[in-house]
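Student: Got a structure for you, written out below as structure tokens; questions coming shortly.
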């Protein structure tokens, strides 16, 4: 029972960290990477479809992405979807391929992105702390129902706190790496 509680808390905390990593991949660092366009959806025969399901996305150099639609008639809708995205990119079509140059980041934009990174990190930490709170309240319920002893409850609370500390340290490490990446010129 206690082991299940700890496993569930560990799994949920790991998912929070994974979510943070996924969110941070959307932030542009000045270097081109194919996952930058992952969250963009394109109208494909009336359905909103992820870009990576209607085209291949590649990197030609450090500052240029190349999008190659699988159907010629998708060039226009893909170009519009990239323009409408919150990334501030200006795609240029050349026949059946779309080149997406990444403009260099200004110092001000870098600082704004660092603020976004810190906010995402704080949200991940809050999620981890909420998981700790939920696990501890479940423990208190088990103690109240006399399904665990007080010693077992205290020991499990300590273990859950260590788990929380470890995941928060991982979040801090990820944030430091991303901030350094963003401030790099």
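Please treat every number below as a calculation from the coordinates, not as lab data. Note that the coordinates shown come from a computational prediction; the quantities given were computed from them, not determined experimentally. FYI the Cβ positions are ideal-geometry reconstructions off the backbone, even for glycines, and counts take in every protein chain you see.
Student: Could you check the spin-label model distance between residue 173 and residue 151? Points 7 Å from the Cα along Cα→Cβ, value in nm.
Tutor: Label-label distance for residue 173 and residue 151, simple model: 3.4 nm.
Student: Follow-up question, since we're still on this one. So what is the orientation-averaged projected area of segment 1-61, using the convex hull of its C-alpha atoms, in nm²?
Tutor: 6.5
Student: Along the Cα-to-C-beta direction of residue 73, a point sits 7 Å from the Cα; which residues of segment 21-63 have their amide N less than 14 Å from that point?
Tutor: 43-47
Student: So what's the angle, to the nearest 10 degrees on a 0 to 90 scale, between helix 75-84 and the longest Cα principal axis of the chain?
Tutor: Its long axis makes an angle of about 50 degrees.
Student: Under the rule of -39500 (n - 2.57) per DSSP H run of 4 or more residues, summed and divided by the residues of the chain, what mean residue ellipticity at 222 nm is obtained, to the nearest 500 deg cm²/dmol?
Tutor: -20500 deg cm²/dmol
Student: Sticking with this structure for a sec: Quick one: compute the contact order of the chain, relative version, from alpha carbon pairs under 8 angstrom and 6+ residues apart, as a percent.
Tutor: The normalised contact order for the chain reaches 25 percent.
Student: Just to be sure I understand: with springs between alpha-carbon atoms less than 10 Å apart, which residue in 171, 148, 54 has the highest mean-square fluctuation in the Gaussian network model of the chain?
Tutor: Its mean-square fluctuation being the largest, the pick is 148.
Student: Let me ask something else. With angles folded into 0 to 90 degrees, how steeply does helix 107-144 sit against the dominant principal axis of the chain? Use alpha carbons for both and round to 10.
Tutor: Computed tilt is about 30 degrees.
Student: How far apart, in nanometres, would the label points at residue 8 and residue 181 be if each is projected 7 angstrom from Cα along the Cα-to-Cβ direction?
Tutor: Here the answer is 3.3 nm between the modelled labels.
Student: Multiply the residue separation of residue 99 and residue 15 by 0.36 nm, subtract the distance between their alpha-carbon atoms, and state the gained length in nm to one decimal.
Tutor: Difference between extended and current length: 26.8 nm.
Student: Sticking with this structure for a sec: Taking just the C-alpha trace of segment 34-101, give me its Rg and Dmax in Å.
Tutor: Rg and Dmax of segment 34-101, Cα atoms, are 10.6, 34 Å.
Student: Find how much the distance from residue 62 to residue 109 grows on full extension, using 0.36 nm per residue of separation minus their present alpha carbon separation; answer in nm with one decimal.
Tutor: 15.1 nm
Student: Taking every pair of distinct Cα atoms and averaging 1/r, then inverting, what Kirkwood hydrodynamic radius in Å comes out for segment 86-178?
Tutor: After inverting the mean inverse Cα-Cα distance, the result is 17.1 Å.
Student: Throw me the Rg/Rh for the chain, computed over C-alpha atoms with Kirkwood Rh, two decimals.
Tutor: Value, to two decimals: 1.15.
Student: So, one more: With a point put 7 Å past each Cα toward its Cβ, work out how far residue 90 is from residue 22 in nm, to one decimal.
Tutor: 3.3
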